[in-house]
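Peer 1: Quick one: the structure is below, and I'll ask about it shortly.
The values are calculated or read from the model by the stated rules, or taken from the named source; none is laboratory data. Bear in mind that the values here come from a model prediction, so they are computed numbers and not experimental data. Using ideal geometry, Cβ is built from the backbone for each residue, glycine included, and neighbour counts are taken over all protein chains shown. Remember, those area values only see protein heavy atoms, side chains included, never the ligands or the DNA or RNA. Shrake-Rupley method; radii C 1.70, N 1.55, O 1.52, S 1.80 Å.
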Amino acid sequence: MSATSATRSVTNKVFAIETPEGDGALVRRSIGTSSLRNLTPFLMLDHFHVAAGAGFPDHPHRGQCTVTYMLEGSSNHEDSAGHKGTIETGGVQWMVAGRGIVHAEMPVSAPGQPEPRGLQLWVNLPKKYKMVAPSYQELGPAQIPTAYPHGAGGPVRVKVISGTSHGVESPVRPLGGCWYFHYTFEREQVDVFQDLPAGWTAFIYILKGKLIVGGDAVPHDSFNTLVLSANASETGVRLRSASSDAEFMLAAAEPIDEPIVQYGPFVMNTQEEIMQTFRDYREGRNGFEAAHGWKSEIANVN
């Protein structure tokens, strides 16, 4: 951290309580709950794990992005536009739902293997992108670049899912701008300074261990989401491991200063646009042409 660097600080802290979701899945949700509803442009953060045969069967989206990152195991996906594939451990799928898509996400369970675990982050789209054609950016674990702030083989590793960390840039190009990192520490009391664009909304979700942020004296524990300050003078955030197994996600994105009306997986700017989305979905048009004639194979929908 240089003399000209100013660190962000923690302004809010929310513990993610584990609750049932989907078909047999358990999720720890923080963003998107009553405790953390408005964190533009982030809409939801789920830390999920699923039992054998469980998952997230056919469901629609409009007006947002879904970012699925697998921590353990793998997950199959399939959608009404004809895309299908598998997200492997350490891989990511960045889906722009745009004007509309129906898809299924079914994690893969195998005998003797740990239950699939991962994160799904929902990111709002600016009005100008809400009705674009759906698209995907998918990276396998070997395609996600890694930064080593203390040099290769050092005690800190950063998987650069999107954005730039310590001179390493991801090939993912999110609409609207979003940085997303997976940090892993292998030693206690190691310092890192992560640059962040001034004024962007940012948060940390702690997966494991203990972490000290900014000028805090007391470490933060696992499963807490930490909202960071966003002053124009703050150039990034100071991070220090308070345990030898500290592991966390760090996300930052440009705020969207527009009205938002959300009904589940439909995210628009006005109530009328939400009502139009329901009409489009019901009548199979404007992006939902295949909504009623399509059923995924992976969810075994009858």
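Peer 1: Would you mind telling me which numbered condition in (1) under 23 Å from Ile260 (Cα atoms); (2) free of Cβ contacts under 8 Å to residues at least 24 places away in the same chain Gly82 fails?
Peer 2: Gly82 satisfies every listed condition except (1).
Peer 1: Can you name the residue in the range 251-273 that is touching a Phe, Trp or Tyr at 6+ places or on another chain (Cβ under 9 Å) and part of a loop (DSSP other than H, G, I, E, B) and is also nearest to His61 (Cα to Cα) among such residues?
Peer 2: Among residues in the range 251-273 that are touching a Phe, Trp or Tyr at 6+ places or on another chain (Cβ under 9 Å) and part of a loop (DSSP other than H, G, I, E, B), the one nearest to His61 (Cα to Cα) is Pro265.
Peer 1: Among the residues of the range 173-197 satisfying the criterion of being at pLDDT 95 or above and closer than 29 Å to Lys127 by Cβ, which is most open to solvent (accessible area, probe 1.4 Å)?
Peer 2: That would be Asp195.
Peer 1: Condition (residue is modelled with pLDDT of 95 or more and part of a loop (DSSP other than H, G, I, E, B)) applied to the range 202-211: is it met by at least one residue?
Peer 2: yes
Peer 1: Quick check on the range 148-165. Is at least one of its residues closer than 25 Å to Pro259 by Cβ, among the aromatic types (Phe, Trp, Tyr) and open to solvent by 10 Å² or more (accessible area, probe 1.4 Å)?
Peer 2: No, the range 148-165 contains no residue that is closer than 25 Å to Pro259 by Cβ, among the aromatic types (Phe, Trp, Tyr) and open to solvent by 10 Å² or more (accessible area, probe 1.4 Å).
Peer 1: Within the range 105-128, can one find any residue that is among the hydrophobic types (A, V, I, L, M, F, W, C), over 17 Å from the mean Cα position of the chain (by Cα) and open to solvent by less than 10 Å² (accessible area, probe 1.4 Å)?
Peer 2: Looking for residues that are among the hydrophobic types (A, V, I, L, M, F, W, C), over 17 Å from the mean Cα position of the chain (by Cα) and open to solvent by less than 10 Å² (accessible area, probe 1.4 Å), one finds none in the range 105-128, hence no.
Peer 1: Any idea which of Ile274, Ile256 is of a type outside the set (Gly, Ala, Ser) and within 19 Å of the chain's Cα centre (by Cα)?
Peer 2: Just a single option satisfies the conditions, and that option is Ile256.
Peer 1: Right, another one. Residues in the range 274-302 that are part of a helix (DSSP H, G or I) and in contact (Cβ under 8 Å) with a residue 40 or more places away in the chain: how many?
Peer 2: Of the residues in that region, 3 qualify.
Peer 1: Ok, one more. For the range 178-201, give me the residue count where each residue is more than 11 Å from Ser241 (Cα to Cα), assigned to a strand (DSSP E or B) and either of a type in the set (A, V, I, L, M, F, W, C) or touching a helix residue (DSSP H, G or I) at 6+ places or on another chain (Cβ under 8 Å) (or both).
Peer 2: 4
Peer 1: Taking into account only those residues within the range 10-54 that are open to solvent by 50 Å² or more (accessible area, probe 1.4 Å) and among the polar types (S, T, N, Q), which is nearest to the chain's Cα centre (by Cα)?
Peer 2: That would be Thr40.
Peer 1: Let me ask another. In the range 88-104, which residue that is open to solvent by 10 Å² or more (accessible area, probe 1.4 Å) and free of Cβ contacts under 8 Å to residues at least 60 places away in the same chain is nearest to Ala291 (Cα to Cα)?
Peer 2: Restricting to residues being open to solvent by 10 Å² or more (accessible area, probe 1.4 Å) and free of Cβ contacts under 8 Å to residues at least 60 places away in the same chain, the top hit is Glu88.
Peer 1: Then there is this: Could you check the range 198-251 and list, in sequence order, the residues that are of a type in the set (Val, Ile, Thr) and open to solvent by 10 Å² or more (accessible area, probe 1.4 Å)?
Peer 2: Passing the criteria: Thr201, Ile212, Val218, Val227, Thr235.
Peer 1: Just the residues that are assigned to a strand (DSSP E or B) and surrounded by fewer than 16 Cβ atoms within 10 Å (Cβ to Cβ), please, taken from the range 129-138.
Peer 2: Residues satisfying the conditions are Ser135, Tyr136.
Peer 1: Restricting to the range 245-271, and then to whatever is polar (S, T, N, Q) and out of contact with any Pro (no Cβ under 9 Å at 6 or more places or on another chain), can you tell me which residue is farthest from Thr40 (Cα to Cα)?
Peer 2: Filtering the range 245-271 for residues that are polar (S, T, N, Q) and out of contact with any Pro (no Cβ under 9 Å at 6 or more places or on another chain), the one farthest from Thr40 (Cα to Cα) comes out as Gln271.
Peer 1: Separate question: Among the numbered conditions (1) touching a Leu at 6+ places or on another chain (Cβ under 8 Å); (2) over 26 Å from Ile144 (Cα atoms), tell me where Ser30 comes up short.
Peer 2: Of (1) touching a Leu at 6+ places or on another chain (Cβ under 8 Å); (2) over 26 Å from Ile144 (Cα atoms), only one is false for Ser30: (2).
Peer 1: Please work out which one of (1) over 30 Å from Arg187 (Cβ atoms); (2) open to solvent by 10 Å² or more (accessible area, probe 1.4 Å) is the condition Phe288 fails and give its number.
Peer 2: Phe288 satisfies all of (1) over 30 Å from Arg187 (Cβ atoms); (2) open to solvent by 10 Å² or more (accessible area, probe 1.4 Å) except (2).
Peer 1: Could you grab me the full set of residues in the range 147-165 that are in a loop (DSSP other than H, G, I, E, B) and either among the hydrophobic types (A, V, I, L, M, F, W, C) or touching a residue at least 24 places away in the same chain (Cβ under 8 Å) (or both)?
Peer 2: Result: Pro149, His150, Ala152, Pro155, Gly163.
Peer 1: Also, I was wondering about something else. Within the range 58-87, can you find the residues that are of a type in the set (Gly, Ala, Ser), open to solvent by 10 Å² or more (accessible area, probe 1.4 Å) and part of a strand (DSSP E or B)?
Peer 2: Residues satisfying the conditions are Ser74, Gly85.
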